[in-house]
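The block underneath contains the structure these notes are about, expressed in C-alpha cells.
The values are calculated or read from the model by the stated rules, or taken from the named source; none is laboratory data. Note that this is a predicted model, so its numbers are computed, not measured. Positions of Cβ are backbone-derived with ideal geometry, glycine not excepted, and every protein chain shown enters the neighbour counts.
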Amino acid sequence: MSASTRIASKDLKLRVRDRSAIIIGIVAPLTLAFIFNLTFGSALDTTSLDLHFGLVDQDQTTTSASFKTVLDDLEGQGMATIVSYPSAASAESAIAAGDIDAYFLLQPGMGQAIQTGAPYVIKVVGDIDHPTSTQIATSIAEQYGQGVITVQTALGVSVEMSQTPPSPLDLVSWSQAAAQQARGFQFVPVAAATRQLDGPTFFAAGMAVFFLFFTVQFGVSGVLEEEREGTLTRLLAAPIPRRSLILGKAILAFALGIISMTVLVIATSLLMGSDWGAPLGVAILVIAGVLSAIAILGVVAAVAKTPEGAGNLGSIIAVTLGMLGGTFFPVGRADDLLSKLSLITPHAWFMRGLGDLAGDAPWTAALPASGAITVFALVFGSVAWMLLRRRMSR
Amino acid sequence: MKVAVIAMTNVRRMLRERSNIFFVFVLPLAIILLIGAQFGGSFEPAVGYHSADDDVIARSIITALGSTDGLDLVSYSSSDDLLKAVERGQVQAGIFLPAGIGASARAGETVDIGFLARPDGFGAQLQSTVGAAVSEVMTPVAAAHFAATQTGGDFDQALALATDYVRSLNTVRVETSAVGEALFPSTLGRFDLGAAQQLVLFVFLTALTGSSALILTRQLGISRRMLSTPTAVGTIVVGEGTGRWATAMVQGLYIAVATLILFRVNWGDPLAAFLVLVAFSAVGAGTGILMGSLFSNDQQAAGVGIVLSLGLAALGGSMVPAELFSPMLQRVAHLTPHAWALDAFAELVRRGGTVADILPELGVLALYAAALFVVASFRLRRVITRV
C-alpha cells in the first residue's frame, strides 16, 4: 500500500466514525430530494396540466351538440375532462370548488345564429388563477368558431362565384362538403428525444450534486486540519513525498464523493423511482463531477488560512454554484442571459448531461457534458495542485 | 441584565463570523433576486417557432401567434436549435413551419405544420392555442380552395373574395372572462411573494445554524465557566434563548428592510409584519436551542440543521407557494410553522390585513414557540449542569 492510499484509508475510517460526512453526503440530499419531489412534484409543471372544463348548453340544438362533439373528441384524446352543468351558476360554483378550471357557456340562439350567419358569442368563463387553462379553453372555442367561419365563407364565396344560382340541392351538398373539408392544415408530430429529467430524477440529481460539493470538502480540507494540529510537519518529516500527501487527501475526497453519489443513485432509484439513465454514462458523469468538485475545493483549501475558513469559503462557493447551476430549480428561460450564465458551473453541465441521458439514450450521450465538466476539473485541478505544493514547501 | 449580556454576545459572535456576511446578508438577497428574475412577473408558457422560409403565409401565422394572449413566443433560427430547446424543456412547445407553405396552400394541399410538445408539460394542450392562430390565417385559404374547386373558378379570385368575406363576416366570436378572487393578485410585486418566502426560510436557517454556536459554547466550557460565577442556570438558559432569538431577528429585519429599499417589496402593515417576525423568530430560536442541546457535535448539528430548515421550508411553502399544493399536502404543510408565518404575510401583503386579521396565525406561532422553549430549556438545563 502506497503512502497516499494509506493516508486516504486512515482518514476514511475517521470520517465514517464521525457521522457528519454521512449526514451531509447521504442523509441530507436523500431527505431533501424526497421532500422537494413531494412538494414541487404536485405544484410544478413536471406533470401534465390536468385540464377540467365545464359545458353549459342552454341552446340544446344540433349545432350546440356539434360543439359538445368537439369537446368529447378532446376528452377522447385524453387532453381534457369535460363535465356538463345545468346552469352558469352551478358551473361557477364548480370553479370556486376547484372542480373545473373554466366553462363554456352556449346561450340560447346558437343554432339559429349559425344557420343564418347572424352574430353569436361563445362565452368562456375561467378561474382567475388558471390563466393558461382559460386561454386553452378560449382557443378551443375560437377554433370551433373558425371552423364555422370557414364553412360560411366557403359557401358564400361559392355562391358568389357560381355562374348560375345554385340549386337548393347544390347548397345542401356544398354545405355538407364544406363541413367535411379539411381546415387547410394539420399538425404533424415531430420526432424528438427526451433531454429533460422527470421530477424524481431532477430533484435526486440536483440534491446529489449540490451536496457533493460539501461532502468532498471533508477530504480536501484535511491538509489544513493536519496543518493546524501540527501533524503536517511530522508527515513532512517522514520519508514520504509531498505529492503523496496531497494525493492522499484527494483520494479520500474522491472516495467520499463516489461513495455518496453511488449510494444516492441507487437509493433514489429504489425509493423514489428516479431514472438516472444508462449506468455507464451516469458513471462517467459522476466521476467527472466528483473530480471537478475536488479541483474547485482544492483551490479553496490552498488559499484558505484555516480549516474553518476553507469550510466557509467552500460552502459559499458550493451554494452559489449550486443555485446558479440550477440544482434547486431550472435557471433561465429559453436562451436568455441567465441560462447562458448557468453554464459556467459544473452543476449545470452535470444536470444537462443527465438530461441528455434521459429517455433511454445511449451512454455516449453523456460525453459532451462530461467533457465540459472535465475541463473544470483540469483547469482548477492544475491550479490547486500548484498552489498546494507551494504551500507545503513553505 | 445578565440575560441581555449573554444574548448580545451571541449576536456579536454571529456578526463577527466573516462567512456570515455571505450567508446572512448576501445570499438571501441574491436568491430573492434570482427567484424574482426566474418566476416573478408573467407565468406565460414559452413557445418556440422556426420558419423554414420567409413565406407570406408563414409570416401571417407568426403575426397571428404573436398577438395571441398568454403565449411567450420565442424565435429560433434553426429547427435543430428549436428541437433541442423543446427537448431540454427550455420552451413548452415548438412550432415548425415548413418551406413553401404558400405554394402548398395554393395547390389545395393540406399544409403540414410540425408541432412538438414536451410530454410532461402542458405543451400538448397548447396545440389548441396555436391551432386557433393558424386557423385565422388559413380560413380564407381553405374556403377559397373549396369555392374554386366546387365552381371551377380561379383560386386567386376566390382568395380575394374569401379574404373580404371573412372580414365582413361578423359571426362567431369568443368572449373570455375570469371569476374568483386571484390567489396572486396582479398588484403583487415581482419580488413580493419570494421575499416573504425567503425571509421565513432564512430566519429559520439562521436560527438553526445558531445551534452549532451553542454546542461550541458547551464544548469550550463557556457555559460551565458562566455557571461558576453567581449566575443561575435559568439565567443562562434564558440568555442563550434570547441570543438565538435576537440573531434570528437580525436576519429577518435585515431581509425585510433591504428588500423594502432595494426591491420595493410590500410587507403590508409594518406592526403586524414585525409581530409575525417576532413570533416566527421565537419558533426558530426554540428549535435552535433544542438542537443545540440534543447534539454534541457541531458538524452533525449543522448537517441536520440544513436538512431541517430546507426540508421544513419546502414543505411549508417557502419554495413553491403552499396554495399550489394538493389539499392533502396543504394540511401537511400546516404542521410546519413556516406555513402559518407565510399565511400571515399573505394576509398582510395580498389582502391588506392588519394585526387583528392575523391573530390566529400569531397564536399558532406563539404556541409553537412556547412548546419548543419549554422542552428546549428543560433539556439545556440538564446538559449544562451535567458533570
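Against the list (1) closer than 17 Å to A:Thr62 by Cβ; (2) surrounded by 24 or more Cβ atoms within 10 Å (Cβ to Cβ), the condition A:Gln107 fails is (2).
Scanning region A:353-377 for residues that are farther than 17 Å from A:Gly325 by Cβ and within 13 Å of the chain's Cα centre (by Cα) turns up just one, A:Ala358. Of the residues contained in region B:328-341, none is found to be over 17 Å from the mean Cα position of the chain (by Cα), more than 21 Å from B:Ala376 (Cβ to Cβ) and among the small types (Gly, Ala, Ser).
Tally up the residues in region B:122-138 that are more than 7 Å from every other protein chain (Cβ to nearest Cβ) and of a type in the set (Gly, Ala, Ser), please. Of the residues in that region, 2 qualify. Scoring A:Val216 on the criteria (1) farther than 16 Å from A:Ser4 by Cα; (2) within 14 Å of another protein chain (Cβ to nearest Cβ) leaves a single failure, condition (2). Scanning region A:304-315 for residues that are of a type in the set (A, V, I, L, M, F, W, C) and part of a loop (DSSP other than H, G, I, E, B) returns a single hit, A:Ala304. Looking only at region A:173-192, decide whether some residue is more than 7 Å from chain B (Cβ to nearest Cβ), among the small types (Gly, Ala, Ser), under 31 Å from the mean Cα position of the chain (by Cα) and in a loop (DSSP other than H, G, I, E, B). Taking every residue of region A:173-192 in turn, at least one turns out to be more than 7 Å from chain B (Cβ to nearest Cβ), among the small types (Gly, Ala, Ser), under 31 Å from the mean Cα position of the chain (by Cα) and in a loop (DSSP other than H, G, I, E, B). Looking only at region B:144-169, residues that are farther than 12 Å from A:Thr153 by Cα, facing chain A (nearest Cβ under 7 Å) and of a type in the set (Gly, Ala, Ser) come to 1 in all. Being within 28 Å of A:Val125 (Cα to Cα), within 46 Å of the chain's Cα centre (by Cα) and more than 9 Å from chain A (Cβ to nearest Cβ) is a description that does not apply to B:Arg218. Can you name the number of the only condition in (1) at negative phi; (2) more than 12 Å from chain A (Cβ to nearest Cβ); (3) surrounded by fewer than 23 Cβ atoms within 10 Å (Cβ to Cβ) that B:Gly352 fails? It is condition (1) that B:Gly352 fails. Looking for something under 25 Å from B:Ser326 (Cα atoms), within 12 Å of chain B (Cβ to nearest Cβ), surrounded by fewer than 14 Cβ atoms within 10 Å (Cβ to Cβ) and in contact with a strand residue (DSSP E or B) (Cβ under 8 Å, 6 or more places away or on another chain) - is there at least one such residue anywhere in region A:125-139? There is no residue in region A:125-139 that is under 25 Å from B:Ser326 (Cα atoms), within 12 Å of chain B (Cβ to nearest Cβ), surrounded by fewer than 14 Cβ atoms within 10 Å (Cβ to Cβ) and in contact with a strand residue (DSSP E or B) (Cβ under 8 Å, 6 or more places away or on another chain). Counting only strands (runs of 3 or more DSSP E) that sit completely within region A:53-168, those holding 1 or more residues that are free of Cβ contacts under 8 Å to residues at least 60 places away in the same chain and either in contact with a Pro (Cβ under 7 Å, 6 or more places away or on another chain) or charged (D, E, K, R) (or both) correspond to A:120-127.
Against the test of being touching a helix residue (DSSP H, G or I) at 6+ places or on another chain (Cβ under 9 Å) and on the phi > 0 side of the Ramachandran plot, the options A:Gly371, A:Gly332 yield a single qualifying residue, A:Gly332.
Is there a residue being closer than 28 Å to A:Leu197 by Cβ, loosely packed, with under 13 Cβ neighbours inside 10 Å and without any contact (Cβ under 8 Å) to a residue 12 or more places away in the chain anywhere in region A:247-270? Looking for residues that are closer than 28 Å to A:Leu197 by Cβ, loosely packed, with under 13 Cβ neighbours inside 10 Å and without any contact (Cβ under 8 Å) to a residue 12 or more places away in the chain, one finds at least one in region A:247-270, hence yes. Restricting attention to region B:245-277, the residues that are in contact with a Phe, Trp or Tyr (Cβ under 6 Å, 6 or more places away or on another chain) and not in a helix (DSSP H, G or I) add up to 2. For the residues A:Ile258, A:Ile246, the requirement of being β-branched (Val, Ile, Thr), touching a Phe, Trp or Tyr at 6+ places or on another chain (Cβ under 9 Å), part of a helix (DSSP H, G or I) and under 18 Å from A:Leu12 (Cβ atoms) singles out A:Ile246.
Checked against (1) over 18 Å from the mean Cα position of the chain (by Cα); (2) modelled with pLDDT under 80, A:Gly219 passes all but condition (2). The helices (runs of 4 or more DSSP H) found entirely in region A:323-394 that carry 3 or more residues being of a type in the set (Val, Ile, Thr) are A:367-392. The condition (being within 9 Å of chain A (Cβ to nearest Cβ) and touching a residue at least 60 places away in the same chain (Cβ under 8 Å)) is satisfied by just one residue among B:Val172, B:Val203, B:Val141: B:Val141. If you go through region A:273-303 and pick out every residue that is assigned to a loop (DSSP other than H, G, I, E, B) and surrounded by fewer than 19 Cβ atoms within 10 Å (Cβ to Cβ), you end up with 3. Residues of region B:309-327 that are more than 9 Å from every other protein chain (Cβ to nearest Cβ) and over 14 Å from the mean Cα position of the chain (by Cα): B:Ser309 alone. Scanning region A:348-364 for residues that are surrounded by fewer than 24 Cβ atoms within 10 Å (Cβ to Cβ), within 11 Å of chain B (Cβ to nearest Cβ) and acidic (Asp, Glu) gives no hits. Condition check: of a type outside the set (A, V, I, L, M, F, W, C), within 13 Å of another protein chain (Cβ to nearest Cβ) and crowded, with 19+ Cβ neighbours inside 10 Å. Does B:Gln38 satisfy that? Considered against the rule, which asks whether it is of a type outside the set (A, V, I, L, M, F, W, C), within 13 Å of another protein chain (Cβ to nearest Cβ) and crowded, with 19+ Cβ neighbours inside 10 Å, B:Gln38 comes out as no.
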